1. How big is the Kirkwood radius of the range 165-316, worked out from every pair of different alpha carbons and given in Å to one decimal?
2. Could you tell me the calculated FRET efficiency between Gln32 and Ala151, based on Cβ-Cβ distance and R0 = 45 angstrom, to the nearest 0.05?
3. Using a simple charge model, +1 on the beta-carbon of Lys and Arg, -1 on the beta-carbon of Asp and Glu, nothing else, what dipole does the chain show about its Cα centre, in debye to the nearest 20?
4. Ranked by accessible surface with a 1.4 Å probe, highest first, in what order do Arg222, Arg261, Arg77 come?
5. Rg/Rh for the chain: what does it come to with C-alpha atoms and Rh from Kirkwood?
6. Sum up the charges of everything whose Cβ sits under 10 Å from the Cβ of Trp233, counting Lys and Arg as +1 and Asp and Glu as -1, but leave Trp233 out.
7. Tell me the accessible surface of Lys262 in square angstrom (1.4 angstrom probe, heavy atoms of protein chains only), to the nearest ten.
8. So for Leu135, Leu352, what's the accessible-area order with a 1.4 Å probe, most first?
Amino acid sequence: MREPVDLRRQRILAAVQARGTARVRDLAAELQVSVVTVRRDVEELTREGRLLRGHGVVRSPVPVGEAPEGGPPDGDRVAVVVPARHSYLTETLHGARTVLEEAGLRFALHLAPQADGAERPLVERALEDGARGLLLAPRWRSLAAEEADYAWLAALEVPTVLMERRPRPGSAPHALDSVCSDHGYGAHLAVEHLVGLGHRRIVFATRDDSPTARSLRAAFARIAGAHPLVEEWAWALSAPESGQEGPYSADETAELPALLRKVGATAVVLHGDVDAVMIVQRLAAEGVRVPEDCSVVAYDDVVAGLATPPLTAVAPPKGEVGRVAADLLLQRLQGVPGAGGAVRRVELLPRLMVRGSTRRIDDPDDDPGGAPGNGSGSELGNELGNASTE
């Protein structure tokens, strides 16, 4: 998903203000957009008087290190550190930014590359630049990477709020404020929706390379394992590159069509959206129809609604996570009565967005072919079996 235009322009403005001068082509490479897009942004920022444009370069109208006239002082800066190339957090960032700017605070965005420990030097640099508070969402692709960050997180001396991240209970940074989606409840929504449609055999295909992914895997196993109406279930990686923990069994790394056939599944829950869309395309190429042969629920709802068919999805409150986290940080910074006491660990409930990728398995009226029982487990197994041999 594309990031909002105003957020991209803020990133351009921050980069130019930090360096004094930057080449348009370099900015385009850093932001992973076209040169034409950056030129349009620069033209608008120039029109607003926030940048100066030259031939192929752009300059800041104020000396490096100075705040723009009439803007907040450096001491009113909040640093936000999130992973690069993480579309899920785009809405979270937008929500946080709205709250901070309404309060008159500068929003300094730092994007961490895809490497363990990449957030720490960005945080240290932000603190050297005068950041008074931090909003953090470390990547934490593995549990080991998460635990490696615990010591320096616990030593932070400015108000800090974690977004969609919650350190292990009893760990050193367990006392940090945090705002998260309740992914256990999100898993519950997905399972209950499918069970309510008559599905009794379900495959869960998720990522396993983030705190959210690990929470979802555990929640699906707990809920499906205890549910009196779930007869058979299995878990697998949603994509070969989506696992970090391991080692995994053969079933856990199996091709999804083969696993669906083995379980006799009539439904699958997929995390995240991009993997879900690609798997649905793969099923379609092998003759498996969604939802006639297999109902699909995606998790994240970033691009699920744009798929064909539009995917039913669990939608965590991404923007609200950012807004609540920023508001909590503001209370700490402003010394709001009561905010300096107990640490707060806020959980926000996801919603289920029902679209065209799920249906009752015993409803032949939804089947264009009108064949009774077309969505049964045995029918799905036959369909997948035929597809796999073609």
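1. Mean inverse Cα-Cα distance, inverted, gives 15.7 Å.
2. For Gln32 and Ala151, the calculated efficiency is 0.90.
3. Magnitude of the dipole: close to 1100 debye.
4. So the residues, ranked largest to smallest area, are Arg222, Arg261, Arg77.
5. 1.03
6. Surrounding charge for Trp233 is 0.
7. Near enough 140 Å² of accessible area.
8. I get Leu352, Leu135, largest accessible area first.
The values are calculated or read from the model by the stated rules, or taken from the named source; none is laboratory data. Just so it is clear, the structure is predicted and the values come from calculations on it, not from any experiment. Cβ sites come from the backbone with ideal geometry, for glycine too, and all protein chains shown count toward neighbours. All accessible areas refer to the heavy atoms of the entire protein, side chains included, with ligands and DNA or RNA removed. Shrake-Rupley method; radii C 1.70, N 1.55, O 1.52, S 1.80 Å.
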